Amino acid sequence: MRYKDILDMHTHTDNSFDGNHSAMYMCECAAMKGLRAIAITDHVEIDIFAKGEFNRWARQSYFDTAKARAAFRGKLLILSGVELGEAIYDIPTAEKLLDTLHYDFVIGSIHNLPGEEDFYFLDVDKTSDEEIREILTEYFDEERKLAEWGKVDTIGHLTYPLRYICGEHGRKVDLRDYSGQIEDVLRAIIHSGIALEINTSGLFQKIESTMPPEEIVAQYRRLGGELITIGSDAHYAEHLGRGIADGMALAKRCGFCNLTIFEHREPIQIPIE
Ligand SMILES: [Zn+2]
Ligand SMILES: [Zn+2]
């Protein structure tokens, strides 16, 4: 595929609590791999903003990205991004951050329900099917509210809890049970004029699927969705661009001719072929 490995709009550096490599090293590896554009999207978890050191991490990430962008000018387009977690649980804090740091690109993610820990910590084996249903119902509701708020550029890794519930713990979940709610999320994305992310990290995890899976990307297209971003969610330099070619092929099968990158918070369409 012509645009194999050309861009990656979801990456983490050591300015994320779960990152490993410096922005400069990530960018060097991205350029060596032949990528043409990456967004550095370190975590800022809005619901625990004051508890963590997110203010310092966010500024350091923004600064390191600016430095890398200058160093790689003409070789690699480096977009200054953020993965904004749980923004709608504390909107004033989220808005203040977005007013202060002038990002190119903002991913909106939900990693946990209000007041709860990341779905990573969910003790699935001690959770009944009924409780799983309640958790997922609340999760899709929060995703809808995030999309309605609309002050992000893309909705990151929709269906994230399934990485743990189905992938790591092998519990069966039928997404058709949530199809009405998922449709509401997708309609809110379209109404807000933002994008849906195809997150390819799951292809290399036990869930063996993009987040969201192909049927949801296809549903988004059928509803009139036009903007798709794509990212590997790399936390190591060696994972940069991983699965992007597969994600692009998936987007194409679903009827998309373009991928979207964001610069200065404005969408730019990149043809898939
Ligand atoms: Zn995430
Ligand atoms: Zn991420």
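Output yes when any residue across region 15-26 is in contact (Cβ under 8 Å) with a residue 60 or more places away in the chain, among the hydrophobic types (A, V, I, L, M, F, W, C), within 20 Å of residue 248 (Cβ to Cβ) and crowded, with 17+ Cβ neighbours inside 10 Å, and no when none is. The answer is no, given that none of the residues of region 15-26 is in contact (Cβ under 8 Å) with a residue 60 or more places away in the chain, among the hydrophobic types (A, V, I, L, M, F, W, C), within 20 Å of residue 248 (Cβ to Cβ) and crowded, with 17+ Cβ neighbours inside 10 Å. Whether any residue in region 59-74 is within 16 Å of ligand 2 (Cβ to nearest atom), of a type in the set (A, V, I, L, M, F, W, C) and under 16 Å from residue 263 (Cα atoms) is what I want to check. There is no residue in region 59-74 that is within 16 Å of ligand 2 (Cβ to nearest atom), of a type in the set (A, V, I, L, M, F, W, C) and under 16 Å from residue 263 (Cα atoms). Would you check if there is a residue in region 29-39 being within 16 Å of ligand 1 (Cβ to nearest atom), closer than 15 Å to residue 108 by Cβ and touching a Ser or Thr at 6+ places or on another chain (Cβ under 8 Å)? Yes, region 29-39 contains a residue that is within 16 Å of ligand 1 (Cβ to nearest atom), closer than 15 Å to residue 108 by Cβ and touching a Ser or Thr at 6+ places or on another chain (Cβ under 8 Å).
As for region 28-41, it holds no residue that is among the polar types (S, T, N, Q), surrounded by 21 or more Cβ atoms within 10 Å (Cβ to Cβ) and part of a helix (DSSP H, G or I).
Residues are listed down the side, and each one gets a yes or a no for (1) part of a helix (DSSP H, G or I); (2) basic (Lys, Arg); (3) closer than 30 Å to residue 29 by Cα:
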position: 66; (1), (2), (3): yes, no, yes
position: 70; (1), (2), (3): yes, no, yes
position: 84; (1), (2), (3): no, no, yes
position: 93; (1), (2), (3): yes, no, no
position: 114; (1), (2), (3): no, no, no
position: 117; (1), (2), (3): no, no, no
position: 134; (1), (2), (3): yes, no, no
position: 138; (1), (2), (3): yes, no, no
position: 141; (1), (2), (3): yes, no, no
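If you go through region 146-190 and keep only what is under 17 Å from residue 216 (Cα atoms), of a type in the set (Val, Ile, Thr) and buried (at least 21 other Cβ atoms within 10 Å of the Cβ), you end up with 154, 155, 159, 182, 185, 189. Exactly one residue out of 173, 152, 106 is within 16 Å of ligand 2 (Cβ to nearest atom) and either in a loop (DSSP other than H, G, I, E, B) or under 16 Å from residue 207 (Cβ atoms) (or both), and it is 152.
The set of residues in region 119-130 being away from ligand 1 (no atom under 15 Å from the Cβ), surrounded by 12 or more Cβ atoms within 10 Å (Cβ to Cβ) and in a helix (DSSP H, G or I) consists of 124 alone. Filtered by the rule that a residue be within 15 Å of ligand 1 (Cβ to nearest atom) and at pLDDT 95 or above, region 5-18 gives 8, 9, 10, 11, 12, 13, 15, 16. Condition first: among the hydrophobic types (A, V, I, L, M, F, W, C), more than 13 Å from ligand 2 (Cβ to nearest atom), out of contact with any helix residue (DSSP H, G or I) (no Cβ under 6 Å at 6 or more places or on another chain) and not in a helix (DSSP H, G or I). Can you find one or more residues in region 11-20 that meet it? No - not one qualifying residue is present in region 11-20.
The values are calculated or read from the model by the stated rules, or taken from the named source; none is laboratory data. As the structure is a prediction and not an experimental result, all values here were calculated from the model. Ideal geometry is used to build each Cβ from the backbone, glycine not excepted, and the neighbour counts take in all protein chains shown.
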